[in-house]
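The values are calculated or read from the model by the stated rules, or taken from the named source; none is laboratory data. What you see is a predicted model, and the numbers here were worked out from it, not measured in a lab. No Cβ is skipped: glycine too gets one built from the backbone with ideal geometry, and neighbour counts run over all protein chains shown.
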Amino acid sequence: MRDRTAPHRRRRIDAVSVALLFPGQGAQRPGMLQALPDSPAAGAVIAEARSACAELQVTGDLDNPGQDTVTTQLSLVVTGAACGRALVDDAGLTPAFVAGHSVGAFAAAVVAEVLTLREALMAVRERGESMRAVCSGRPWGMAAITGLRPIVAQKLAEKAATPKEPVWLANVNSATQTVLGGTIPALTAAEELARRDGARSFERLDVEVASHGPLQEPTAQAVRSCLSALPRREPAIRYITNVGGRSVNSAAAVHDDLASSVSRPVRWYDGIRLMSELGVTCTVESTPGHTLTRLAAVAVPALTAVALDEQGLRNTVAIARRHL
């Protein structure tokens, strides 16, 4: 893997201080595609996505995915890619980094030009179908804990888990926010322990599957197999991994993260802090939502964290340009 953080490369990273962030499942809402920026690049992404989904025989409504995890994940990738292209191709932003939370990483890979949109949608369809199959027959879910340190959340998950009712630490989003994945009975047990330990909130997420844990190892293998047949394109923008929160700049490293992250915890907090250490002063979050913007602002208060949903394309670009 090429080292782009060596001293002779440092000036380039420091000079370009904007990072694009792409949300994952849980951020979805009806009408996501209708709320996209009105730009030529975003429109082209939507048209390409509809054509690709027809070829892939995706029957769900991308603009209103409901509870279907496959359509939801596809819609989030399309939305993220459209926003990213609007910012880069139409608005002329030159981000130093891209980072996607969970399935949002596939949108990041498209914007970084590691995957084409069609390739990303093909891999995400495989990902979603495998996740759904793995979780079929039992009630699974995920829940966000606020107010406890990650080590405390990890220990309470271990305490709540049983061989028949597993639960695990799935995301480390900040110093005091984590997400658990597991069966519904295990999450119920974990909630009781979390509240006993002083958690401020324990919120069930709007997902029908449990991810980022050992349950999804078959999904990781399925995604890896799908990606192995694709060309290796070196990233045009540095990519922050879900696994470990690392900065990478090789196609192999991006492909590995896209596959393996579904069965391992997302280290989002580490990734945001690393971007700041590497010179990022502004983050721009794709629609839908603003959760990643809030997390960035908490993790690194000195960052200017902007959400397209809140500022719109014109204001977002104006704010980001001040950091270029």
Pairs with Cβ under 8 Å, 6+ apart, first in segment 301-324 and under 21 Å from Ala27 (Cβ atoms), second of a type in the set (Asp, Glu) and outside any helix (DSSP H, G or I): Ala305/Glu285; Val306/Glu285; Ala307/Glu285; Leu308/Glu285; Asp309/Glu285; Leu313/Asp38
Segment 186-212, subset within 17 Å of the chain's Cα centre (by Cα) and hydrophobic (A, V, I, L, M, F, W, C), residue farthest from Met131 (Cα to Cα): Leu205
Residue match in segment 147-155 (condition: within 17 Å of the chain's Cα centre (by Cα) and surrounded by 21 or more Cβ atoms within 10 Å (Cβ to Cβ)): no
Selection status of Ala27, in contact with a Lys or Arg (Cβ under 8 Å, 6 or more places away or on another chain) and either crowded, with 23+ Cβ neighbours inside 10 Å or not in a loop (DSSP other than H, G, I, E, B) (or both): no
Among residues of segment 250-273, those that are within 12 Å of Val114 (Cα to Cα) and not in a helix (DSSP H, G or I), counted: 1
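Of all residues in segment 222-250, which are among the aliphatic types (A, V, I, L, M) and without any contact (Cβ under 8 Å) to a residue 24 or more places away in the chain? Full working, then the answer.
Of all residues in segment 222-250, those among the aliphatic types (A, V, I, L, M) come to 222-223, 227, 229-230, 236-237, 240, 243, 248.
Correct list: Ala229 only.
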Residue match in segment 35-46 (condition: outside the structural domain of Ala161 (by TED's automatic domain parsing) and closer than 27 Å to Ser263 by Cα): no
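Please specify each residue of segment 97-144 satisfying the condition of being among the aromatic types (Phe, Trp, Tyr) and under 13 Å from the mean Cα position of the chain (by Cα).
Going residue by residue through segment 97-144, those that are among the aromatic types (Phe, Trp, Tyr) are 97, 106, 140.
Within segment 97-144, just Phe106 meets the criteria.
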Answer from Arg132, Arg127 - the residue that is under 18 Å from Pro214 (Cβ atoms), basic (Lys, Arg) and buried (at least 21 other Cβ atoms within 10 Å of the Cβ): Arg127
Yes/no for Ala259 being farther than 18 Å from Pro150 by Cα, buried (at least 21 other Cβ atoms within 10 Å of the Cβ) and without any contact (Cβ under 8 Å) to a residue 60 or more places away in the chain: yes
Where a residue in segment 152-177 is under 26 Å from Gly137 (Cβ atoms) and not assigned by TED's automatic domain parsing to the domain that holds Gly244 and its partner, wherever it lies, is of a type outside the set (A, V, I, L, M, F, W, C) and assigned to a loop (DSSP other than H, G, I, E, B), with Cβ under 6 Å and at least six apart: Trp168/Gly213; Leu169/Pro265; Ala170/His212; Ala170/Gly213; Ala170/Pro265
From the options Thr188, Thr219, residue that is outside any loop (DSSP other than H, G, I, E, B), of a type in the set (Val, Ile, Thr) and touching a residue at least 40 places away in the same chain (Cβ under 8 Å): Thr219
Any pair with Cβ under 6 angstrom, 6 or more apart, that starts in segment 60-71 at a residue that is at pLDDT 85 or above and ends at one that is in a loop (DSSP other than H, G, I, E, B) and of a type in the set (Val, Ile, Thr): Thr69/Val209
